[in-house]
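Please read the structure below before turning to the comments.
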Amino acid sequence: MQKKQRLELTWIGKGEKDNPKLEPRILIEDSEKSYGDKNTENILIHGDNLLALKALEQDYAGKVKCIYIDPPYNTGNAFEHYDDGLEHSEWLNLIKPRLVLLRSLLSNDGSIWISIDDQECHYLKVLCDELFGRNNFITSITWGKRVSPANDAKFFSSDHDYILVYAKNKDNWVINRLERSESNNSYYKNPDSDHRGAWNSITYTGNKTRLERPNLYYGIVNPNTNITVYPPETLTWRYSEETHLINEQNNLIYWGKDGKSSIPRLKQFLSDAKRVVPRTIWTADDVGSTQTSMTEQKKMFEAPFATPKPEILLERVLTIGTKKGDLVLDSFLGSGTTAAVAHKMGRKWIGIELGEHCHTHCIPRLQKVTDGTDQGGISKAVNWQGGGGFKYYYLAPSLLKKDKFGNWVIEEQYNADMLAAAMAKQEGFRYSPDSELYWKQGFSNEFDFIYTTTQFLTVEMLDSIYSEMKSSETLLIACKSFQDGCNKRYPNINIKKIPSMLLGRCEFGKEDYSLNILSLPEVEDSAEDDE
Ligand SMILES: C[S@@+](CC[C@H](N)C(=O)[O-])C[C@H]1O[C@@H](n2cnc3c(N)ncnc32)[C@H](O)[C@@H]1O
(Lines give C-alpha, C1' and ligand atoms only; values in the text may rest on other atoms or scores of the structure.)
Protein backbone atom coordinates (compact mmCIF):
# COMPACT_ATOMS: atom_id res chain seq x y z
CA MET A 1 0.00 0.00 0.00
CA GLN A 2 1.28 3.47 -0.82
CA LYS A 3 2.34 5.48 2.24
CA LYS A 4 0.08 8.46 2.88
CA GLN A 5 2.06 11.58 2.14
CA ARG A 6 1.57 15.03 3.54
CA LEU A 7 3.09 18.40 2.98
CA GLU A 8 5.58 19.11 5.73
CA LEU A 9 8.93 20.59 6.53
CA THR A 10 11.71 18.22 7.49
CA TRP A 11 15.04 18.96 9.06
CA ILE A 12 17.93 17.25 10.79
CA GLY A 13 16.70 15.85 14.09
CA LYS A 14 12.99 16.26 13.39
CA GLY A 15 11.03 13.61 15.25
CA GLU A 16 14.03 12.71 17.43
CA LYS A 17 15.35 15.81 19.10
CA ASP A 18 12.19 17.88 19.07
CA ASN A 19 10.10 15.87 21.50
CA PRO A 20 11.92 15.66 24.83
CA LYS A 21 10.24 13.80 27.71
CA LEU A 22 9.97 16.80 29.99
CA GLU A 23 9.85 16.56 33.74
CA PRO A 24 6.80 18.40 35.11
CA ARG A 25 8.65 20.58 37.62
CA ILE A 26 7.07 22.52 40.44
CA LEU A 27 7.46 26.29 40.55
CA ILE A 28 8.76 27.87 43.73
CA GLU A 29 7.84 31.39 44.75
CA ASP A 30 10.55 33.73 45.99
CA SER A 31 8.35 36.11 47.92
CA GLU A 32 11.20 38.61 48.31
CA LYS A 33 11.10 39.17 44.58
CA SER A 34 7.31 39.14 44.26
CA TYR A 35 5.84 42.64 44.31
CA GLY A 36 2.64 44.52 45.07
CA ASP A 37 -0.79 42.97 45.50
CA LYS A 38 -0.45 39.64 47.33
CA ASN A 39 -3.49 38.23 45.51
CA THR A 40 -2.21 39.05 42.05
CA GLU A 41 -2.49 36.41 39.37
CA ASN A 42 0.40 37.88 37.37
CA ILE A 43 3.41 35.59 37.25
CA LEU A 44 7.05 36.18 36.37
CA ILE A 45 9.11 33.02 35.98
CA HIS A 46 12.87 32.92 35.79
CA GLY A 47 14.04 29.85 33.92
CA ASP A 48 14.09 27.95 30.67
CA ASN A 49 10.74 28.34 29.00
CA LEU A 50 10.46 24.71 27.92
CA LEU A 51 10.52 23.44 31.50
CA ALA A 52 8.50 26.45 32.68
CA LEU A 53 5.76 25.86 30.08
CA LYS A 54 5.64 22.21 31.09
CA ALA A 55 5.36 23.32 34.72
CA LEU A 56 2.42 25.58 33.82
CA GLU A 57 0.61 22.94 31.80
CA GLN A 58 -1.31 21.34 34.66
CA ASP A 59 -2.91 24.58 35.85
CA TYR A 60 -3.06 26.64 32.68
CA ALA A 61 -3.84 24.25 29.80
CA GLY A 62 -6.58 25.88 27.71
CA LYS A 63 -6.59 29.08 29.79
CA VAL A 64 -4.38 31.56 27.94
CA LYS A 65 -6.23 33.96 25.65
CA CYS A 66 -3.25 35.45 23.86
CA ILE A 67 0.36 34.40 23.48
CA TYR A 68 2.93 36.80 22.09
CA ILE A 69 6.48 35.56 21.60
CA ASP A 70 9.55 37.22 20.22
CA PRO A 71 12.04 34.37 20.18
CA PRO A 72 15.67 34.82 19.16
CA TYR A 73 15.48 35.21 15.38
CA ASN A 74 18.52 33.05 14.71
CA THR A 75 20.23 35.92 13.02
CA GLY A 76 23.75 34.76 13.76
CA ASN A 77 24.47 37.91 15.77
CA ALA A 78 25.93 37.57 19.22
CA PHE A 79 23.73 39.95 21.18
CA GLU A 80 24.91 41.13 24.50
CA HIS A 81 22.25 39.38 26.57
CA TYR A 82 21.85 36.09 24.76
CA ASP A 83 23.39 34.07 21.97
CA ASP A 84 21.44 33.94 18.79
CA GLY A 85 23.39 31.93 16.26
CA LEU A 86 21.91 28.47 16.01
CA GLU A 87 22.10 26.38 12.95
CA HIS A 88 18.67 26.26 11.30
CA SER A 89 17.74 22.67 12.15
CA GLU A 90 18.75 23.20 15.73
CA TRP A 91 16.58 26.32 15.90
CA LEU A 92 13.59 24.36 14.61
CA ASN A 93 14.30 21.52 17.08
CA LEU A 94 14.26 24.02 19.89
CA ILE A 95 11.26 26.06 18.83
CA LYS A 96 8.99 23.14 17.98
CA PRO A 97 8.47 21.60 21.45
CA ARG A 98 7.92 25.08 22.85
CA LEU A 99 5.21 25.76 20.28
CA VAL A 100 3.58 22.41 21.08
CA LEU A 101 3.34 23.38 24.74
CA LEU A 102 2.23 26.92 23.95
CA ARG A 103 -0.57 25.52 21.84
CA SER A 104 -1.76 23.36 24.72
CA LEU A 105 -1.94 26.45 26.95
CA LEU A 106 -4.05 28.45 24.49
CA SER A 107 -7.77 28.71 25.13
CA ASN A 108 -10.14 27.54 22.42
CA ASP A 109 -10.82 31.16 21.48
CA GLY A 110 -7.20 32.21 21.83
CA SER A 111 -4.48 33.31 19.45
CA ILE A 112 -0.70 33.21 19.20
CA TRP A 113 1.42 35.98 17.71
CA ILE A 114 5.05 35.32 16.80
CA SER A 115 7.57 38.02 15.89
CA ILE A 116 10.16 36.83 13.41
CA ASP A 117 12.26 38.11 10.53
CA ASP A 118 13.34 36.85 7.10
CA GLN A 119 15.90 34.48 8.58
CA GLU A 120 13.41 31.86 9.81
CA CYS A 121 9.95 33.28 9.03
CA HIS A 122 9.10 31.02 6.14
CA TYR A 123 10.32 27.87 7.85
CA LEU A 124 8.47 28.87 10.98
CA LYS A 125 5.30 29.45 8.96
CA VAL A 126 5.41 25.89 7.59
CA LEU A 127 6.15 24.48 11.04
CA CYS A 128 3.27 26.47 12.55
CA ASP A 129 0.96 25.22 9.78
CA GLU A 130 1.84 21.72 10.92
CA LEU A 131 1.38 22.43 14.62
CA PHE A 132 -1.59 24.82 14.63
CA GLY A 133 -3.24 23.71 11.40
CA ARG A 134 -2.96 25.67 8.19
CA ASN A 135 -6.66 26.47 8.44
CA ASN A 136 -5.97 28.30 11.72
CA PHE A 137 -3.49 30.67 10.12
CA ILE A 138 -4.90 34.19 10.46
CA THR A 139 -2.31 36.39 8.81
CA SER A 140 1.25 37.53 8.67
CA ILE A 141 1.71 41.13 9.69
CA THR A 142 4.54 43.24 8.35
CA TRP A 143 5.92 45.59 10.97
CA GLY A 144 7.92 48.45 9.47
CA LYS A 145 10.48 48.54 12.24
CA ARG A 146 12.98 50.98 10.81
CA VAL A 147 12.58 54.69 10.37
CA SER A 148 15.67 55.17 8.25
CA PRO A 149 17.47 52.64 6.05
CA ALA A 150 20.57 50.73 7.14
CA ASN A 151 22.84 52.20 4.52
CA ASP A 152 25.69 49.87 5.36
CA ALA A 153 23.62 46.84 4.28
CA LYS A 154 25.28 44.77 1.56
CA PHE A 155 22.10 44.26 -0.46
CA PHE A 156 18.92 45.58 1.10
CA SER A 157 18.19 47.48 4.25
CA SER A 158 16.00 45.07 6.18
CA ASP A 159 13.23 47.39 7.26
CA HIS A 160 10.54 45.03 8.49
CA ASP A 161 9.79 42.10 10.76
CA TYR A 162 6.85 39.77 10.50
CA ILE A 163 4.31 38.77 13.09
CA LEU A 164 2.70 35.40 12.32
CA VAL A 165 -0.78 35.10 13.79
CA TYR A 166 -2.58 31.80 14.40
CA ALA A 167 -5.83 31.08 16.18
CA LYS A 168 -6.12 27.97 18.30
CA ASN A 169 -9.37 27.46 16.43
CA LYS A 170 -10.23 29.98 13.75
CA ASP A 171 -13.97 29.31 14.07
CA ASN A 172 -13.89 30.47 17.69
CA TRP A 173 -11.59 33.43 17.37
CA VAL A 174 -13.20 36.85 17.48
CA ILE A 175 -11.13 39.84 16.52
CA ASN A 176 -11.38 43.15 18.37
CA ARG A 177 -11.40 46.02 15.91
CA LEU A 178 -9.16 49.01 16.51
CA GLU A 179 -10.12 52.43 17.75
CA ARG A 180 -10.26 54.97 14.99
CA SER A 181 -7.02 56.88 14.70
CA GLU A 182 -6.72 60.59 13.98
CA SER A 183 -5.73 59.76 10.42
CA ASN A 184 -8.84 57.56 10.02
CA ASN A 185 -10.93 60.47 11.31
CA SER A 186 -9.20 63.09 9.20
CA TYR A 187 -11.40 62.09 6.23
CA TYR A 188 -14.43 63.38 8.14
CA LYS A 189 -15.18 67.10 7.66
CA ASN A 190 -18.17 69.35 8.23
CA PRO A 191 -18.38 71.70 5.21
CA ASP A 192 -22.13 72.44 5.73
CA SER A 193 -21.85 72.88 9.53
CA ASP A 194 -24.19 69.94 10.06
CA HIS A 195 -25.24 69.93 13.74
CA ARG A 196 -24.55 66.15 13.85
CA GLY A 197 -20.85 66.86 13.44
CA ALA A 198 -18.17 65.82 10.95
CA TRP A 199 -19.11 63.49 8.14
CA ASN A 200 -17.71 61.68 5.19
CA SER A 201 -19.66 60.70 2.05
CA ILE A 202 -20.04 57.26 0.58
CA THR A 203 -21.30 56.04 -2.76
CA TYR A 204 -25.03 56.11 -3.47
CA THR A 205 -24.90 53.45 -6.19
CA GLY A 206 -25.21 49.71 -5.73
CA ASN A 207 -23.71 47.02 -7.96
CA LYS A 208 -26.96 45.41 -9.17
CA THR A 209 -28.16 46.13 -12.69
CA ARG A 210 -31.39 47.79 -13.69
CA LEU A 211 -32.61 44.40 -14.98
CA GLU A 212 -31.85 42.67 -11.71
CA ARG A 213 -33.37 45.32 -9.39
CA PRO A 214 -35.76 47.55 -11.36
CA ASN A 215 -37.12 49.14 -8.14
CA LEU A 216 -33.66 50.58 -7.45
CA TYR A 217 -33.55 52.36 -10.79
CA TYR A 218 -35.43 55.66 -10.63
CA GLY A 219 -34.84 59.35 -11.18
CA ILE A 220 -33.66 61.69 -8.43
CA VAL A 221 -33.93 65.45 -8.72
CA ASN A 222 -30.86 67.44 -7.73
CA PRO A 223 -32.50 70.31 -5.79
CA ASN A 224 -29.64 72.66 -6.67
CA THR A 225 -29.89 72.23 -10.45
CA ASN A 226 -33.44 70.82 -10.78
CA ILE A 227 -31.96 68.17 -13.08
CA THR A 228 -33.25 64.60 -12.72
CA VAL A 229 -30.37 62.18 -12.51
CA TYR A 230 -30.25 58.39 -12.92
CA PRO A 231 -27.67 55.79 -11.90
CA PRO A 232 -25.25 54.69 -14.64
CA GLU A 233 -26.96 52.11 -16.91
CA THR A 234 -24.99 49.16 -15.47
CA LEU A 235 -25.75 50.08 -11.85
CA THR A 236 -28.69 50.98 -9.58
CA TRP A 237 -29.11 53.20 -6.54
CA ARG A 238 -28.36 51.52 -3.25
CA TYR A 239 -31.68 52.45 -1.68
CA SER A 240 -35.30 52.14 -2.62
CA GLU A 241 -37.20 55.31 -3.49
CA GLU A 242 -38.90 55.36 -0.05
CA THR A 243 -35.57 55.15 1.76
CA HIS A 244 -34.15 57.81 -0.53
CA LEU A 245 -36.96 60.20 0.43
CA ILE A 246 -36.20 59.62 4.10
CA ASN A 247 -32.51 60.28 3.38
CA GLU A 248 -33.47 63.53 1.70
CA GLN A 249 -35.66 64.62 4.62
CA ASN A 250 -32.79 63.82 6.99
CA ASN A 251 -30.35 65.96 5.02
CA LEU A 252 -28.20 62.97 4.22
CA ILE A 253 -27.71 63.57 0.51
CA TYR A 254 -24.54 65.27 -0.68
CA TRP A 255 -24.35 66.74 -4.18
CA GLY A 256 -20.63 67.51 -4.23
CA LYS A 257 -18.69 70.65 -3.32
CA ASP A 258 -20.56 72.89 -5.75
CA GLY A 259 -23.89 71.10 -5.26
CA LYS A 260 -24.13 70.34 -8.97
CA SER A 261 -22.93 66.76 -9.11
CA SER A 262 -24.80 64.32 -11.37
CA ILE A 263 -24.53 61.48 -8.83
CA PRO A 264 -25.47 62.01 -5.18
CA ARG A 265 -23.55 60.59 -2.25
CA LEU A 266 -24.65 59.61 1.27
CA LYS A 267 -23.40 61.43 4.36
CA GLN A 268 -21.94 59.16 7.02
CA PHE A 269 -21.23 60.73 10.40
CA LEU A 270 -18.07 60.25 12.40
CA SER A 271 -20.23 59.64 15.48
CA ASP A 272 -21.67 56.55 13.75
CA ALA A 273 -18.37 55.36 12.31
CA LYS A 274 -17.32 51.87 13.36
CA ARG A 275 -14.01 50.84 14.89
CA VAL A 276 -11.63 49.94 12.12
CA VAL A 277 -10.51 46.58 10.88
CA PRO A 278 -6.79 45.99 11.49
CA ARG A 279 -4.60 46.00 8.41
CA THR A 280 -1.61 43.76 7.80
CA ILE A 281 0.98 46.49 7.33
CA TRP A 282 1.88 48.17 10.60
CA THR A 283 3.99 51.27 10.16
CA ALA A 284 6.48 52.77 12.57
CA ASP A 285 4.20 55.83 12.71
CA ASP A 286 1.37 53.68 14.04
CA VAL A 287 3.12 51.17 16.30
CA GLY A 288 6.62 52.52 16.86
CA SER A 289 9.98 51.41 15.54
CA THR A 290 13.11 49.82 16.99
CA GLN A 291 14.15 53.40 17.72
CA THR A 292 11.00 53.90 19.78
CA SER A 293 11.75 50.83 21.89
CA MET A 294 15.39 51.84 22.34
CA THR A 295 14.29 55.25 23.55
CA GLU A 296 11.92 53.54 25.98
CA GLN A 297 14.78 51.34 27.21
CA LYS A 298 17.19 54.22 27.66
CA LYS A 299 14.67 56.02 29.84
CA MET A 300 14.31 52.92 32.02
CA PHE A 301 17.78 51.39 32.20
CA GLU A 302 21.39 52.46 32.26
CA ALA A 303 22.19 49.31 30.25
CA PRO A 304 19.33 49.05 27.74
CA PHE A 305 18.21 45.60 26.63
CA ALA A 306 19.48 44.99 23.10
CA THR A 307 16.37 43.82 21.23
CA PRO A 308 13.20 45.16 22.83
CA LYS A 309 9.85 45.75 21.13
CA PRO A 310 8.01 49.06 21.49
CA GLU A 311 5.17 49.09 24.01
CA ILE A 312 2.76 50.49 21.44
CA LEU A 313 3.37 47.47 19.17
CA LEU A 314 2.32 45.15 21.98
CA GLU A 315 -0.63 47.40 22.75
CA ARG A 316 -1.84 46.83 19.18
CA VAL A 317 -1.44 43.05 19.51
CA LEU A 318 -3.25 42.90 22.85
CA THR A 319 -6.01 45.24 21.69
CA ILE A 320 -6.82 42.92 18.81
CA GLY A 321 -6.30 39.66 20.69
CA THR A 322 -7.63 40.31 24.20
CA LYS A 323 -10.13 42.07 26.45
CA LYS A 324 -9.63 43.37 29.99
CA GLY A 325 -9.06 40.49 32.44
CA ASP A 326 -7.83 38.03 29.78
CA LEU A 327 -4.63 36.08 30.40
CA VAL A 328 -1.59 36.92 28.24
CA LEU A 329 1.61 34.85 28.05
CA ASP A 330 5.08 35.67 26.75
CA SER A 331 7.65 32.92 27.16
CA PHE A 332 10.54 34.95 25.68
CA LEU A 333 9.96 37.97 27.87
CA GLY A 334 13.24 39.82 27.22
CA SER A 335 13.04 43.15 29.04
CA GLY A 336 9.40 42.57 30.05
CA THR A 337 7.56 44.58 27.38
CA THR A 338 4.59 42.22 26.98
CA ALA A 339 4.08 41.97 30.73
CA ALA A 340 4.36 45.74 31.21
CA VAL A 341 1.85 46.44 28.44
CA ALA A 342 -0.57 43.71 29.54
CA HIS A 343 -0.40 45.08 33.08
CA LYS A 344 -1.13 48.65 31.99
CA MET A 345 -4.01 47.40 29.82
CA GLY A 346 -5.67 45.50 32.68
CA ARG A 347 -4.83 42.03 31.38
CA LYS A 348 -3.42 39.24 33.54
CA TRP A 349 -0.01 38.03 32.44
CA ILE A 350 2.58 35.28 32.68
CA GLY A 351 6.13 36.08 31.59
CA ILE A 352 9.06 33.67 31.35
CA GLU A 353 12.66 34.75 30.90
CA LEU A 354 15.79 32.67 31.14
CA GLY A 355 18.42 35.38 31.18
CA GLU A 356 19.74 37.34 34.13
CA HIS A 357 17.89 40.33 32.66
CA CYS A 358 14.81 38.78 34.27
CA HIS A 359 16.29 40.33 37.44
CA THR A 360 18.09 43.34 36.02
CA HIS A 361 15.35 44.47 33.61
CA CYS A 362 12.00 42.69 34.03
CA ILE A 363 11.71 43.01 37.82
CA PRO A 364 12.61 46.71 38.13
CA ARG A 365 10.50 47.57 35.10
CA LEU A 366 7.44 45.71 36.41
CA GLN A 367 7.92 47.18 39.88
CA LYS A 368 7.78 50.65 38.37
CA VAL A 369 4.71 49.70 36.38
CA THR A 370 3.07 48.46 39.60
CA ASP A 371 3.99 51.67 41.41
CA GLY A 372 2.73 53.82 38.55
CA THR A 373 6.13 55.52 38.29
CA ASP A 374 6.74 54.15 34.80
CA GLN A 375 5.15 56.87 32.73
CA GLY A 376 6.90 55.88 29.49
CA GLY A 377 5.63 53.67 26.67
CA ILE A 378 1.82 53.50 26.59
CA SER A 379 1.31 54.78 30.17
CA LYS A 380 0.00 58.19 29.20
CA ALA A 381 -2.22 56.85 26.42
CA VAL A 382 -3.95 54.43 28.80
CA ASN A 383 -3.75 56.82 31.77
CA TRP A 384 -1.78 54.29 33.79
CA GLN A 385 -1.66 55.19 37.48
CA GLY A 386 -0.24 51.98 38.96
CA GLY A 387 -1.71 49.04 40.88
CA GLY A 388 -1.65 45.26 40.95
CA GLY A 389 1.56 43.30 41.34
CA PHE A 390 3.27 40.08 40.33
CA LYS A 391 4.57 36.89 41.86
CA TYR A 392 8.07 35.73 41.07
CA TYR A 393 8.79 32.04 40.64
CA TYR A 394 11.72 29.89 39.68
CA LEU A 395 11.83 26.27 38.65
CA ALA A 396 12.54 23.65 41.28
CA PRO A 397 15.58 21.53 40.49
CA SER A 398 15.02 18.13 38.98
CA LEU A 399 13.30 15.84 41.51
CA LEU A 400 15.79 13.02 41.00
CA LYS A 401 19.53 12.98 40.59
CA LYS A 402 22.15 10.27 40.34
CA ASP A 403 24.27 9.65 43.44
CA LYS A 404 27.96 8.84 43.21
CA PHE A 405 27.17 5.16 42.57
CA GLY A 406 24.94 6.04 39.64
CA ASN A 407 21.67 5.32 41.49
CA TRP A 408 18.71 7.65 41.17
CA VAL A 409 17.93 9.39 44.47
CA ILE A 410 15.69 12.27 45.51
CA GLU A 411 17.45 15.63 45.14
CA GLU A 412 18.26 16.74 48.70
CA GLN A 413 17.01 20.30 48.10
CA TYR A 414 13.48 18.85 48.22
CA ASN A 415 11.92 19.33 51.65
CA ALA A 416 8.77 17.41 52.63
CA ASP A 417 6.36 20.00 51.17
CA MET A 418 8.24 20.31 47.91
CA LEU A 419 8.39 16.54 47.57
CA ALA A 420 4.67 16.20 48.23
CA ALA A 421 3.93 18.92 45.66
CA ALA A 422 6.30 17.39 43.10
CA MET A 423 4.90 13.90 43.52
CA ALA A 424 1.34 15.20 43.19
CA LYS A 425 2.32 16.92 39.95
CA GLN A 426 4.15 13.85 38.64
CA GLU A 427 1.10 11.68 39.27
CA GLY A 428 -1.38 14.20 37.85
CA PHE A 429 -2.89 15.21 41.22
CA ARG A 430 -3.61 18.79 42.26
CA TYR A 431 -1.48 19.61 45.29
CA SER A 432 -3.76 20.97 47.98
CA PRO A 433 -2.99 19.76 51.51
CA ASP A 434 -6.11 19.16 53.62
CA SER A 435 -6.18 21.12 56.87
CA GLU A 436 -7.40 18.11 58.90
CA LEU A 437 -6.32 14.85 57.29
CA TYR A 438 -2.53 14.84 56.81
CA TRP A 439 -2.66 12.08 54.19
CA LYS A 440 -4.90 14.09 51.88
CA GLN A 441 -2.14 16.14 50.24
CA GLY A 442 -3.61 16.33 46.77
CA PHE A 443 -6.56 15.12 44.74
CA SER A 444 -7.32 14.07 41.19
CA ASN A 445 -11.08 14.07 41.81
CA GLU A 446 -13.25 14.33 44.91
CA PHE A 447 -12.64 10.68 45.86
CA ASP A 448 -9.04 10.10 44.78
CA PHE A 449 -6.07 11.35 46.85
CA ILE A 450 -2.29 11.20 47.06
CA TYR A 451 -0.03 11.04 50.08
CA THR A 452 3.76 11.28 49.84
CA THR A 453 6.03 10.45 52.76
CA THR A 454 9.73 9.89 53.20
CA GLN A 455 9.04 7.83 56.34
CA PHE A 456 9.18 4.03 56.41
CA LEU A 457 5.50 3.12 56.00
CA THR A 458 4.38 0.55 58.58
CA VAL A 459 1.25 -1.61 58.63
CA GLU A 460 0.17 0.29 61.73
CA MET A 461 0.40 3.65 59.93
CA LEU A 462 -1.47 2.20 56.99
CA ASP A 463 -4.28 0.87 59.21
CA SER A 464 -4.62 4.26 60.85
CA ILE A 465 -4.94 6.02 57.45
CA TYR A 466 -7.42 3.42 56.27
CA SER A 467 -9.58 3.94 59.36
CA GLU A 468 -9.97 7.60 58.34
CA MET A 469 -10.93 6.88 54.76
CA LYS A 470 -14.47 6.67 53.44
CA SER A 471 -15.30 3.48 51.54
CA SER A 472 -15.73 5.49 48.31
CA GLU A 473 -12.23 7.01 48.57
CA THR A 474 -9.03 5.79 46.95
CA LEU A 475 -5.47 6.73 47.87
CA LEU A 476 -2.04 6.55 46.26
CA ILE A 477 0.81 6.46 48.78
CA ALA A 478 4.25 7.36 47.45
CA CYS A 479 6.95 6.45 49.96
CA LYS A 480 10.62 5.54 50.05
CA SER A 481 10.00 2.11 51.58
CA PHE A 482 7.26 0.15 53.34
CA GLN A 483 6.85 -2.83 55.69
CA ASP A 484 6.03 -6.27 54.35
CA GLY A 485 2.31 -6.72 54.47
CA CYS A 486 1.45 -3.14 53.48
CA ASN A 487 1.18 -3.81 49.78
CA LYS A 488 -2.27 -4.99 48.63
CA ARG A 489 -3.53 -4.85 52.26
CA TYR A 490 -6.41 -2.60 51.17
CA PRO A 491 -7.87 -2.69 47.66
CA ASN A 492 -8.44 1.07 47.61
CA ILE A 493 -4.87 1.96 48.69
CA ASN A 494 -2.09 1.71 46.14
CA ILE A 495 1.49 1.97 47.42
CA LYS A 496 4.45 2.89 45.23
CA LYS A 497 8.12 3.44 45.93
CA ILE A 498 10.00 6.60 45.13
CA PRO A 499 12.13 6.91 43.07
CA SER A 500 11.52 3.65 41.18
CA MET A 501 7.89 4.61 40.41
CA LEU A 502 9.17 7.64 38.48
CA LEU A 503 12.02 6.23 36.47
CA GLY A 504 11.72 6.08 32.71
CA ARG A 505 8.82 8.49 32.65
CA CYS A 506 10.69 11.64 31.80
CA GLU A 507 14.17 13.09 31.68
CA PHE A 508 15.38 13.73 35.23
CA GLY A 509 18.47 15.70 36.01
CA LYS A 510 18.35 17.65 32.76
CA GLU A 511 18.58 21.37 33.39
CA ASP A 512 19.37 22.84 30.00
CA TYR A 513 16.87 22.81 27.19
CA SER A 514 17.57 26.41 26.45
CA LEU A 515 18.06 28.21 23.18
CA ASN A 516 21.23 29.66 24.61
CA ILE A 517 23.41 26.94 23.20
CA LEU A 518 27.00 27.98 23.18
CA SER A 519 28.55 25.18 21.16
CA LEU A 520 26.83 25.24 17.83
CA PRO A 521 26.59 22.13 15.70
CA GLU A 522 29.10 22.03 12.90
CA VAL A 523 27.60 22.89 9.55
CA GLU A 524 28.60 20.21 7.05
CA ASP A 525 29.33 21.11 3.46
CA SER A 526 26.46 20.00 1.27
CA ALA A 527 27.07 17.55 -1.58
CA GLU A 528 26.22 20.18 -4.16
CA ASP A 529 28.93 22.46 -2.81
CA ASP A 530 31.53 19.77 -3.50
CA GLU A 531 30.66 19.35 -7.11
C1 LIG B 1 14.12 39.05 21.27
S2 LIG B 1 14.21 38.85 22.97
C3 LIG B 1 12.59 39.33 23.48
C4 LIG B 1 12.47 40.81 23.65
C5 LIG B 1 11.17 41.26 24.20
N6 LIG B 1 10.10 41.13 23.24
C7 LIG B 1 11.24 42.67 24.69
O8 LIG B 1 10.46 43.52 24.22
O9 LIG B 1 12.07 42.98 25.52
C10 LIG B 1 14.22 37.13 23.20
C11 LIG B 1 14.37 36.72 24.66
O12 LIG B 1 14.17 35.32 24.78
C13 LIG B 1 14.98 34.87 25.85
N14 LIG B 1 15.17 33.42 25.75
C15 LIG B 1 15.93 32.75 24.85
N16 LIG B 1 15.85 31.43 25.09
C17 LIG B 1 15.03 31.27 26.14
C18 LIG B 1 14.57 30.14 26.86
N19 LIG B 1 14.93 28.93 26.52
N20 LIG B 1 13.72 30.33 27.90
C21 LIG B 1 13.34 31.58 28.25
N22 LIG B 1 13.75 32.69 27.61
C23 LIG B 1 14.59 32.54 26.57
C24 LIG B 1 16.28 35.63 25.66
O25 LIG B 1 17.03 35.64 26.85
C26 LIG B 1 15.73 37.00 25.27
O27 LIG B 1 15.58 37.79 26.39
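The values are calculated or read from the model by the stated rules, or taken from the named source; none is laboratory data. Note that the structure is predicted; figures quoted are calculated from it, not measured. Quick reminder, even Gly has a Cβ in these numbers, built from the backbone with ideal geometry, and neighbours come from all protein chains shown. Ligands, DNA and RNA are excluded from the accessible area calculation, which covers all protein heavy atoms including side chains. Shrake-Rupley method; radii C 1.70, N 1.55, O 1.52, S 1.80 Å.
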Exactly one of these conditions fails for Ser104: (1) touching a strand residue (DSSP E or B) at 6+ places or on another chain (Cβ under 9 Å); (2) surrounded by fewer than 19 Cβ atoms within 10 Å (Cβ to Cβ); (3) part of a helix (DSSP H, G or I). Give me its number.
(1)
Go through (1) closer than 21 Å to Thr142 by Cα; (2) at pLDDT below 95; (3) surrounded by fewer than 16 Cβ atoms within 10 Å (Cβ to Cβ) for Ser271 and report which single condition fails.
(1)
Out of the residues in the range 338-354 that are open to solvent by 10 Å² or more (accessible area, probe 1.4 Å) and over 25 Å from Val174 (Cβ atoms), state the one that is farthest from the ligand (Cβ to nearest atom).
Glu353
Give me the helices (runs of 4 or more DSSP H) completely within the range 229-335, filtered to those with at least 2 residues that are within 16 Å of the ligand (Cβ to nearest atom) and within 18 Å of Ile163 (Cβ to Cβ), ordered by residue number.
284-287, 290-300, 311-321
Looking at (1) open to solvent by 30 Å² or more (accessible area, probe 1.4 Å); (2) over 28 Å from Lys299 (Cβ atoms); (3) of a type outside the set (A, V, I, L, M), which is the only condition Gln375 fails?
(2)
Residues that are part of a strand (DSSP E or B), touching a Cys at 6+ places or on another chain (Cβ under 8 Å), open to solvent by 30 Å² or more (accessible area, probe 1.4 Å) and not hydrophobic (A, V, I, L, M, F, W, C): does the range 442-465 have at least one?
yes
For the structure I just gave you, tell me whether Leu86 is away from the ligand (no atom under 13 Å from the Cβ) and either modelled with pLDDT under 95 or over 26 Å from Ser398 (Cβ atoms) (or both).
no
Taking Val165, is it closer than 30 Å to Cys121 by Cα and in a loop (DSSP other than H, G, I, E, B)?
no
Can you name every residue in the range 304-333 that is of a type in the set (Gly, Ala, Ser), open to solvent by 10 Å² or more (accessible area, probe 1.4 Å) and farther than 20 Å from Leu178 by Cα?
Ala306
Could you please find all residues in the range 25-42 being open to solvent by 20 Å² or more (accessible area, probe 1.4 Å) and under 21 Å from the mean Cα position of the chain (by Cα)?
Leu27, Glu41
Long-range neighbours under 7 Å by Cβ, at least six apart or interchain, first residue closer than 26 Å to Tyr123 by Cα and assigned to a loop (DSSP other than H, G, I, E, B) within the range 56-77, second of a type in the set (Lys, Arg) and more than 14 Å from the ligand (Cβ to nearest atom):
none
Would you please list the contacts, defined by Cβ atoms under 7 Å and residues six or more apart or on different chains, that run from a residue in the range 312-327 that is closer than 20 Å to Gly388 by Cβ to a residue that is assigned to a helix (DSSP H, G or I) and among the hydroxyl-bearing types (Ser, Thr, Tyr)?
Leu314/Thr337; Leu314/Thr338
I need every pair where a residue in the range 117-141 that is closer than 19 Å to Pro278 by Cβ and in the same structural domain as Tyr68 (by TED's automatic domain parsing) has its Cβ under 6 Å from the Cβ of a residue that is of a type in the set (Phe, Trp, Tyr) and open to solvent by 20 Å² or more (accessible area, probe 1.4 Å), sequence separation at least 6 or different chains.
Ser140/Tyr162
